[in-house]
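We did not get these values from a lab; they are worked out from the coordinates using the rules stated. Bear in mind that the values here come from a model prediction, so they are computed numbers and not experimental data. A quick note on method: Cβ atoms are made from the backbone with ideal geometry, for glycine too, and the neighbour counts reach across all protein chains shown.
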Amino acid sequence: MQYRRLGSTGLQLSALSFGAWVTFGGQIGRDEARNLIAAAWDHGVNFFDNAEVYAQGRAEQVMGDVIADLRLPRDGYCVSSKVFFGSVAEPRPTQRGLSRKHVVDACEGALRRLRVDYLDLYYCHRPDPDTPIEETVRAMDLLVRQGKVLYWGTSEWSAAQLEEAHAIARAIGAFAPSMEQPQYNLLHRERVEREYAALCAAGMGTTIWSPLASGLLTGKYSEGIGADARLGQPGREWLRDLVIGEPGEQRVERARRVSAIAAELGESPAQLAIAWCLRNPQVSSVILGASRVSQLLENLGALELVERYDASVWQRLEAVASPAG
Ligand SMILES: NC(=O)c1ccc[n+]([C@@H]2O[C@H](COP(=O)([O-])OP(=O)(O)OC[C@H]3O[C@@H](n4cnc5c(N)ncnc54)[C@H](OP(=O)(O)O)[C@@H]3O)[C@@H](O)[C@H]2O)c1
């Protein structure tokens, strides 16, 4: 495993980390979740990502349970949560968003479910138009000072919102956000590469999500959607629409072209797509998702590909995957 600093902080995260979205508390059972965490840990993964909304808190419960069961040393791993969407089916106004109340309540809930005394990383899962950014900055600062959170950050905030949060933190002497959690993959590049460029240069870390575009970049959806795959799960029609996209976007065709280059090189498309994310020095950690251990083990092999090819190969890959980008 390779370890990278989270932006300008001293926290060293594994370049490949592991997240619980869709899988833990949902698509997979506790035993498979345990096997996945154990395999990730054995391969040097030290960051496990979660959120209050994943399976309405059950993903955190399962993760807390298996980490305790595996007796991982608390100082050897990092665990995260995210606040915004709530952890109940139909959240009341105080059970969602980024008000001081919900930020504090959600942190307490995550600590309880994950069975830890502090969260290493705590994210604002989306911007909240109904809460002043200053209120959220002060709430996060409070949690850091109380020792309940070590590093706080955001997910899918605009650069303008992040600059505002930094300006407020500077003005009031509060802890500023250290990291962003944006989507980043061969089909979705703009925000990380352009919008966040100045913020990353100034020290913001990024822990990026969906490096395989929910599995699309493995090529598994080229021949249709299997019932055992993420997009074939009942209730995931909204995700299928997002991942497959509009007909004009040709996302399946672009993924197919990535697979063709991978075949030509004799590589796995998944490893190649993940290695492409790892090549970007703005990326602190690539959060992997997997519904079985064999996928995780394959994806962890991506690190070996990073130095294997020169710029011409990566440029070819970009050209077929993001023709406009
Ligand atoms: N901040 C946010 O808003 C946000 C949003 C989304 C995710 N995240 C975080 O990022 C993590 C990773 O995102 P993601 O799960 O979407 O990552 P991803 O790598 O794009 O997709 C992972 C899924 O692709 C399939 N897959 C992975 N490796 C494969 C392989 N080698 N061969 C075939 N299929 C493979 C599996 O699904 P199937 O086997 O079920 O098909 C797996 O669950 C999440 O767990 C979560 O922690 C954050």
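Let me know the charge dipole size of the chain about its Cα centre in debye, to the nearest 20, where only the beta-carbon of Lys, Arg (+1) and Asp, Glu (-1) is charged.
380
With a/c under 1.5 counting as rounded, go ahead and sort the stretch 1-95 into rounded, prolate or oblate using the C-alpha gyration tensor (a ≥ b ≥ c being the square roots of the eigenvalues; past the cut-off, prolate if a/b is larger than b/c, else oblate).
It is oblate, given that a/c is not under 1.5 and a/b is not larger than b/c.
Hey, if you put +1 on the Cβ of every Lys and Arg and -1 on every Asp and Glu Cβ in the stretch 1-54, which of 40, 24, 14 ends up farthest toward the positive end of that dipole?
14
Using the count of nearby Cβ atoms within 10 Å as a rough guide to exposure, how do 238, 209, 157, 314 rank from fewest to most? Please report the intermediate quantities before stating the final value.
Details: 238 8, 209 21, 157 26, 314 16.
Ranked by crowding around the Cβ, least crowded first: 238, 314, 209, 157.
Within the stretch 21-59, name every residue whose backbone N is under 17 Å away from a label modeled 7 Å from Cα of residue 146 along the Cβ vector.
Counting only backbone N, you get 52.
Calculate how large, on average over all directions, the projected area of the Cα convex hull of the chain is; give the answer in nm² to one decimal.
15.7
I'd like the Karplus ³J(HN,Hα) series for the stretch 262-272: coefficients 6.51, -1.76, 1.60, θ = phi - 60°, whole numbers in Hz, and an x wherever there's a Gly or Pro.
Computed from phi, the couplings for the stretch 262-272 are 4, 5, 4, 7, x, 10, 7, x, 4, 4, 5 Hz.
Looking only at Cα atoms, what is the convex hull volume of the stretch 178-270 per residue, in Å³?
On the way: hull volume 11.5 nm³, N = 93.
Taking only Cα atoms, the stretch 178-270 has a hull volume of 124 Å³ per residue.
Could you list 3, 309 so that the one with the fewest beta carbons within 10 Å of its beta carbon is first and the one with the most is last?
Starting with the residue having the fewest Cβ neighbours, the order is 3, 309.
With the contact rule set at Cα under 8 Å and sequence spacing of 6 or more, what percent relative contact order holds for the stretch 1-152?
Relative contact order for the stretch 1-152 comes out at 19 percent.
Starting from the Cα of residue 1, step 7 Å along the direction of its Cβ; do the same at residue 172; then give the gap between the two resulting points in nm.
3.5
Taking 7 Å along the Cα-to-C-beta vector as the label spot, tell me the residue 90-residue 198 distance in nanometres, rounded to one decimal.
Here the modelled spin labels are 4.4 nm apart.
So what's the projected area for the stretch 204-325, the Cα convex hull averaged over all directions, in nm²?
8.1
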